[in-house]
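See below for the structure under consideration.
The values are calculated or read from the model by the stated rules, or taken from the named source; none is laboratory data. Please read these numbers as outputs of a predicted model, since none were measured by experiment. Note that we place each Cβ from the backbone using ideal geometry, even for glycine, and neighbour counts take in every protein chain shown.
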């Protein structure tokens, strides 16, 4: 973390300006040093070239005993091989690998990673061969350089070659340092993107947003992720960026307000005898923008957060106790990511406190070691081929998320399900969908033999939990108990839920095609699809649970104004109901498929499940809307909580001519509110306009058809 980012006296705008200024100064300094080195001849063997003195200084700050000789040799080879090459900005090309290496050195990367970083473009762009790298620097450096070279050839856009990307991720799973170098490479390219044409800037920024920023998040490299977010924000959303920049500049006293709270916290902890460092962490631009959307008008403390660093895990909870005793805590803001780390190795306590003057400040509490991992993620965890440090915070866990400290749980799961993907296109589609997920939940396993946690995307169901925990053995899942109560596999899990999966002890028929309606994760969808393709003759789901109580079942859609009809040999089906995946409403074109008990599930004709069913050899059933069918639909609106939101949403619905049949507003969770509306539309052709009008209500960030609604919602 940069020094200015921890300085309580620095305003947020100063941090951003200094960071950009430092990047330009470093680039000029690197260029001058490289040119001087090129004309002055090789440095004496006992002295490093001047151009990498700043890299050596940053490296020694994290690794005081590091042998810098190999860095000097790598620089000499890189500089001589790139000599005569220039970047579009006009600087000598060697400034790029130097800048990438400096980024990694500041994050705490070990010597081998820095050596490979200096050489990462030599095999691709110069006469240097991989065998030469191997002879001079060893197999490990050669492996990393080769991995980065392959990653450089990948097109991350919509036309990306799926098999190439899959191979790259497999290589990343074997050694995450490959992707660490790539992320630092992209950050430096984004910093210098101003020399490109605007359309090329936008294309690169979109790829960075859609693929590389989510990868940085999942690998825990927050320091890179946040700067990439700001750079992408400035290119793709220039107006919002300027509004945010002006908002920060118009509040120069924000750091002072946070600094005053920091002094109070320091005094409280000192009096309690807790050794702690209290720092002010200004928010980056995208973070300020998100908080503004969430809270509306911002106060001084909203422009940053307090960071409390302590020595031991126990000290984190001691700090929390003092803060909640001496200040007024905002309980809804409390999160314990130490007891239940996030999927990307992140550990910290989150809380918020109200000072006597009414100012509310968010607080992060973590050890110095946790902070290093929070900022640098897998970069800080070093060589995956050596044991972890004995004092690391990731010891003693058997929950599957932290056994290998250099492989976050997300990456482990990805490597598992990529092996099961039937083809590269399926893998690529699933990966992009997985990367698009912003929120994760943690559920607790109730199985006595294997306690622990499971990380899942928000909206995941018991089906997803079953495959995350049991892999292909989940084909035998009969049901689940959620928070101690028997529940169907379609049940959507919430953060903190306890789940126990019920598996049959003898042979069962396997998963039902309907499970795909409830599967959110690639692991579950790929496993279910694979089983169904291997057993096309089987349409029956697993047997009912042995628990004597009846299972909840999806009700028939028999409400007035929601009439559906189906024909199969002149015999009406027992139940005709809309599918939860696409929730058809009149006058949608519809197709039906017969499922268990003779019932028929109705999909919109263009639903992806229709193609999947046809691909499995399932024969469609002719279905039609009844004469009395009218437009009734259930919509889910997700928003940030604010006064007057419900009234504004209701007004937007009424303005579109829709009538509210029923409505439900869930209690706020982390300032987020979920509204469920069952609506009657006078003209269902206006559904798209209605959903857009609801999305345009300030504070609403998504409106969608409810996935698991009753009836036609």
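Can you say whether residue 34 is at pLDDT below 85, assigned to a helix (DSSP H, G or I), in the same structural domain as residue 129 (by TED's automatic domain parsing) and buried (at least 19 other Cβ atoms within 10 Å of the Cβ), as far as the supplied structure shows?
When the stated conditions are applied, residue 34 passes them.
Which ones in the range 168-192 are modelled with pLDDT under 90, touching a helix residue (DSSP H, G or I) at 6+ places or on another chain (Cβ under 6 Å) and either more than 18 Å from residue 115 (Cα to Cα) or not in a helix (DSSP H, G or I) (or both)?
Once the filter is applied, which keeps residues that are modelled with pLDDT under 90, touching a helix residue (DSSP H, G or I) at 6+ places or on another chain (Cβ under 6 Å) and either more than 18 Å from residue 115 (Cα to Cα) or not in a helix (DSSP H, G or I) (or both), the range 168-192 yields 168, 171, 173, 176.
From the list 310, 288, 363, which residue is crowded, with 17+ Cβ neighbours inside 10 Å and more than 27 Å from residue 230 (Cα to Cα)? Steps first, answer last, please.
On the way: 288 fails: more than 27 Å from residue 230 (Cα to Cα); 363 fails: more than 27 Å from residue 230 (Cα to Cα).
Going through 310, 288, 363 in turn, just one is crowded, with 17+ Cβ neighbours inside 10 Å and more than 27 Å from residue 230 (Cα to Cα): 310.
Scan the range 195-215 for residues that are more than 11 Å from the chain's Cα centre (by Cα), without any contact (Cβ under 8 Å) to a residue 60 or more places away in the chain and assigned to a helix (DSSP H, G or I) and jot them down.
198, 199, 200, 201, 202, 203, 204, 205, 206, 207, 208, 209
Every residue, every condition in (1) crowded, with 16+ Cβ neighbours inside 10 Å; (2) over 26 Å from the mean Cα position of the chain (by Cα); (3) modelled with pLDDT under 80, yes or no:
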| site | (1), (2), (3) |
| --- | --- |
| 426 | yes, no, yes |
| 438 | no, no, yes |
| 445 | yes, no, yes |
| 451 | no, no, yes |
| 465 | yes, no, no |
| 473 | no, yes, no |
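Yes/no matrix, rows are residues, columns are (1) surrounded by fewer than 16 Cβ atoms within 10 Å (Cβ to Cβ); (2) touching a helix residue (DSSP H, G or I) at 6+ places or on another chain (Cβ under 7 Å):
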position	(1), (2)
89	yes, yes
93	no, yes
96	no, yes
109	no, yes
122	no, yes
138	yes, no
142	no, yes
147	no, yes
151	no, yes
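Suppose we filter the range 303-331 for residues that are free of Cβ contacts under 8 Å to residues at least 24 places away in the same chain and under 15 Å from residue 360 (Cβ atoms); how many remain? Step through it out loud before you land on a result.
Going through the range 303-331, the residues free of Cβ contacts under 8 Å to residues at least 24 places away in the same chain turn out to be 314, 321, 325, 331.
So of that shortlist, the ones also under 15 Å from residue 360 (Cβ atoms) come out as 331.
Adding up the residues that qualify gives 1.
Looking only at residues in the range 497-507 that are surrounded by 15 or more Cβ atoms within 10 Å (Cβ to Cβ) and at pLDDT below 80, which one is nearest to residue 520 (Cα to Cα)?
503
Take the range 680-713 and flag every residue that is more than 22 Å from residue 641 (Cα to Cα) and at pLDDT 75 or above.
Residues satisfying the conditions are 680, 681, 686, 687, 688, 689.
Of all residues in the range 642-670 being closer than 19 Å to residue 698 by Cβ and part of a loop (DSSP other than H, G, I, E, B), which is modelled with the lowest pLDDT?
670
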